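Below is one structure, written out as C-alpha cells; comments come after it.
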Ligand code: B12
C-alpha cells in the first residue's frame, strides 16, 4: 500500500473551495495588466464598478477547470520523456532563484558567479533522484537585465534535464522562450514536448502584477507549462489560520488557472505555491516551519481533489549553514511532500528563506529524496506468504545473505543511500578520516563535477544558444559573456 | 499613579479606546495638551520603541501601540500649536523600479510612521526620478529604497547617482534594504546606510535624520 497523508478530508476541501470561489465572485481580483483584464472580461469576467476589481463567476471558473489538463509530460533536452505529471509519481527539483550561494570551501554566503552555476549544473546532472534542473540561483557577473535568462542558458548548455525556471520581467520571457525553441528546433516541437516549467506568482492578497500575469499568458500561448506560486503569509498577508490561508491560496491559484486557460484552453499547469507562515519575531517567512509544510500538504490535497497535478516548495531550510537544522527541516519537508503526493517538489539545496543555495546541501537532500521515494513505494508482500519455507531455510542455513529470496528482493526493499549518509561503524569511520557530513558532501560535489559529461546537444544548437544569449547580453550592455570552462 | 503614566501604560498595552478616553479625561481635568503629549503618549511610545529595539516585544505590539498613540494624538492635535505636533522628519520610501516586492518596505514604512516620521510611501516599481522628485516636493531628508531581486538592485545605484547629479547629497540621505542587498552593497553604491529589519531601519533612519545638513 502506498502511504499517504491526509490533513483536510473531503468535507473541509469542499468548504475551502466554495469559500475561495465566493471570494473570486464577490471580492474579485486586482489585476495590474490591462490586456489581461480585457482578455478576462471578454470571456465573461465582470468589473466591479466601485472597486475596479475583476470578478470571476462560476461559469468562467468551471470552464477553466474543465479545460486544464489533468496530466502532462516534460521532456529533456534530447526529447526523452522525464515526467508524467498527474500520474501519481513524486519528482524532485532543486530550489530556485536564490540570491546567494553558500561557498562550500569557505562557508561564506556570497554572490554567485558563472563558475558556481556551471558547477551546479554539473552536479545536478548526476543526481538520479532529482529529475529536473531548476535555475537555482542568479549569477551576479552578468548585467542584471539578463541574469534570469542567463541561468537558463547555462542550464541548457551544461545539462540535459528539463528545467523549472521563471522570468523576472516581460522582456526576459522572450529571450527564455527563444532559448527553449532553439533546443527543440521549432515552437511547435516545444509545444509538443515541453522542456521547462515557468513559475508565475500572484501577489497576496488576490492580486496579479503586470509582469507575472503577462508571463502566465505568454507561457500559455507558447504551450510552456506554468506553476502558480501563490504566497500567503499566514497572519500577515493572509489569515493566521491554516484554513484561512488555504482559502486565499486556493482563490489565487484558481485565478491563475483561469488566466492561463482563457489565454489558451488546455495550457498545462501545476497547482502549487510557496506559502509560509510569518514569524513576527524576526519578520521572516520560514519555509522550514511545520505550519508552512502543513499548508503545502493541505494545498496539494485540494489540487488533487480537482484532479490537477501539483507543485510545492518543500525540502528547504531556513538555516544559514549545512547544519542539523538544515537536515531536519529539509528531511521533514521532503518526507511530508512525498507522503502528500506532491507531483513536483521544489526545494533541495535551498537555505535561508529561499535566498541561499548550497551544492553540498543539494547532495545531502538528494539522499533524503531517495529515502522518501522509498518510503512512498510503501510496504507490500513479496513472496512472503506462506512464511514457513523461508524460515525453514533461515534455520537450516543460519542466514539469508545469499538466499534466492534475498537476492530477488534486496534492491526493491532496501534503498542504500550514500555516499553522504554515513553508515560505517565508528572505527572504520575514524580509519577513513573522520569525515563530517559537510566534508563528505564536499567530496561528493567534487566527484560529481569531475564525472560530468557534456550534454549531447548538437554543436550547432549550442552555438545558436550562445548567439541568442550574447545578443541579449549585448543589448544589456555586455560585450562578451563571462568565460566558462568546458 | 498619575493619569499621564496611566496613558503611557495603556498605550504600551495597545489599548486605543482606553488611551483616547484617558486623554479626554486628562483634558477635562485641565491638563495641558503639550504635557499630555510628552508625559503620556511620547513617553509610552519611547518605552515601546526601546522594548522593540531590545527584541522584548515584536512588530504587532508596536503597531498596536502606534494605533493607540494616534487615537490620543487625534484629540490633542487641534489643541496643539501648529509646530507643536512633533515629527522626527520626513522619509520617502519605495521599492525600486522593476521590483514588486513591497511587504518588507511596507513594514519599514509603518514602523517609521510609528516612530514619529512623516512617511511618503511611493509604492513599488518606482523610477529613480520619482524618488528624488518626491523627496524635494516633501522636504524629505531621507530616501528609503527596497529591492528583493538581484535584477533590481542596480536601480538603487541610479537613485544615489541622481541625488548626486542634482547636488542634493548633503540634504538627502539614502538608506537601502531588502533581501537582495547588504551592508557591503550599500557602501559599494555610495548609499548612506543599510537596514536589515524594521527595528534597524528605524534606528538608522533616526541617525541619518539627525545628521546635520
Ligand atoms: C513574498 C515573496 C514574493 C511575493 C511578494 C508580495 C509582495 N507584495 O511583496 C510575490 C509572490 C508576489 C513574489 C513575486 C516574485 N518573486 Co518573490 N519572494 C518573496 C519572498 C518569499 C519573501 C519576501 C518577503 O516579503 N519577506 C518578508 C519581509 C518582511 O522581509 P523583507 O522583504 O526582506 O524586508 C525586511 C528587510 O529586508 C528590511 N527591508 C526591506 N526593505 C527595506 C527598505 C529599507 C529602506 C530598509 C532600511 C530595510 C528594508 O526590513 C524588512 C522588514 O524586516 C522572497 C524570499 C526572501 N528570502 O526574501 C522571494 C524572492 C525575493 N522572490 C523572488 C522572485 C524570483 C520573484 C519573482 C520574480 C518570481 C516570478 N518569476 O514571478 C516575482 C517578482 C516579480 C517582480 N518583478 O518583482 C526571488 C528573488 C531571486 C533573485 N535572485 O532575485 C526570492 C529570493 C525567492 C526565490 N528564491 O525565488 N515574491
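Where a number appears in this text, it was derived from the coordinates with a stated rule and is not lab data. Everything numeric in this text was worked out from a predicted model, so none of it was measured. Heads up, the Cβs are rebuilt from the backbone with ideal geometry, glycines too, and the neighbour counts pull from every protein chain shown.
For region B:90-210, what does the convex hull of the Cα positions come to per residue, in cubic angstrom?
Roughly 81 Å³ of hull volume per residue.
By average Cβ neighbour count within 10 Å, what is the ranking of B:133-140, A:85-92 from highest down?
A:85-92, B:133-140
Angle between the Cα long axis of helix A:324-340 and the longest principal axis of chain A, 0 to 90 degrees, nearest 10?
In chain A, helix A:324-340 runs at an angle near 70 degrees to the longest axis.
Relative to the longest principal Cα axis of chain B, at what angle does helix B:43-53 sit, 0 to 90 degrees, rounded to 10?
40
Of B:69, A:371, how do they rank once you tally other Cβ atoms within 10 Å and put the fewest first?
A:371, B:69
Could you work out the relative contact order of chain B, using alpha carbon pairs under 8 angstrom and six or more residues apart, expressed as a whole percent?
17
By count of other Cβ within 10 Å, fewest leading, how are B:176, B:202 ordered?
B:202, B:176
Taking the mean number of other Cβ atoms within 10 Å as a proxy for protection, how do you rank B:23-35, A:291-303 from highest to lowest?
Answer by packing, highest mean first, reads A:291-303, B:23-35.
Within region A:67-377, what percent of beta bridges assigned by DSSP are antiparallel, to the nearest 5?
Of those bridges, close to 30 percent are antiparallel.
Can you give the calculated 222 nm mean residue ellipticity of the protein assembly as shown, where each DSSP H run of n ≥ 4 adds -39,500 (n - 2.57) and the sum is split over every residue, rounded to the nearest 500 deg cm²/dmol?
-15000 deg cm²/dmol
For helix A:404-413, what angle does its Cα long axis make with the longest principal axis of chain A, in degrees from 0 to 90 and rounded to 10?
Once rounded, the angle reads 30 degrees.
Using only atoms on other chains, find how many Cβ atoms lie within 10 Å of each Cβ of peptide B:145-152 and report the average.
If you average over the peptide's residues, the count of other-chain Cβ atoms is 5.
Show me the ranking of peptides A:354-366, B:45-57 by mean Cβ neighbours inside 10 Å, starting with the highest.
Ranked from most to least packed, the peptides come out as A:354-366, B:45-57.
At a 10 Å Cβ-Cβ cut-off, how would you order B:174, A:379, A:109, A:259, fewest neighbours first?
Ordered by Cβ neighbours within 10 Å, fewest first: A:379, A:109, B:174, A:259.
Averaged over its residues, how many other protein chain Cβ atoms are within 10 Å of peptide B:46-59's Cβ atoms?
The per-residue average across the peptide is 1.
Let me see the P(r) profile for the protein assembly as shown: every Cα-Cα distance counted, bins of 20 Å, each bin given as a percent of all pairs.
Over the protein assembly as shown, the share of Cα pairs per 20 Å bin runs 16, 46, 29, 8, 1, 0 percent.
How many Cβ atoms of partner chains, on average, are near each residue of A:97-106 if near means within 10 Å of its Cβ?
2
Semi-axes of region B:3-82's equivalent ellipsoid from the Cα gyration tensor, sqrt of 5 times each eigenvalue, largest first, rounded to whole Å?
The answer is 22, 11, 11 Å, longest axis first.
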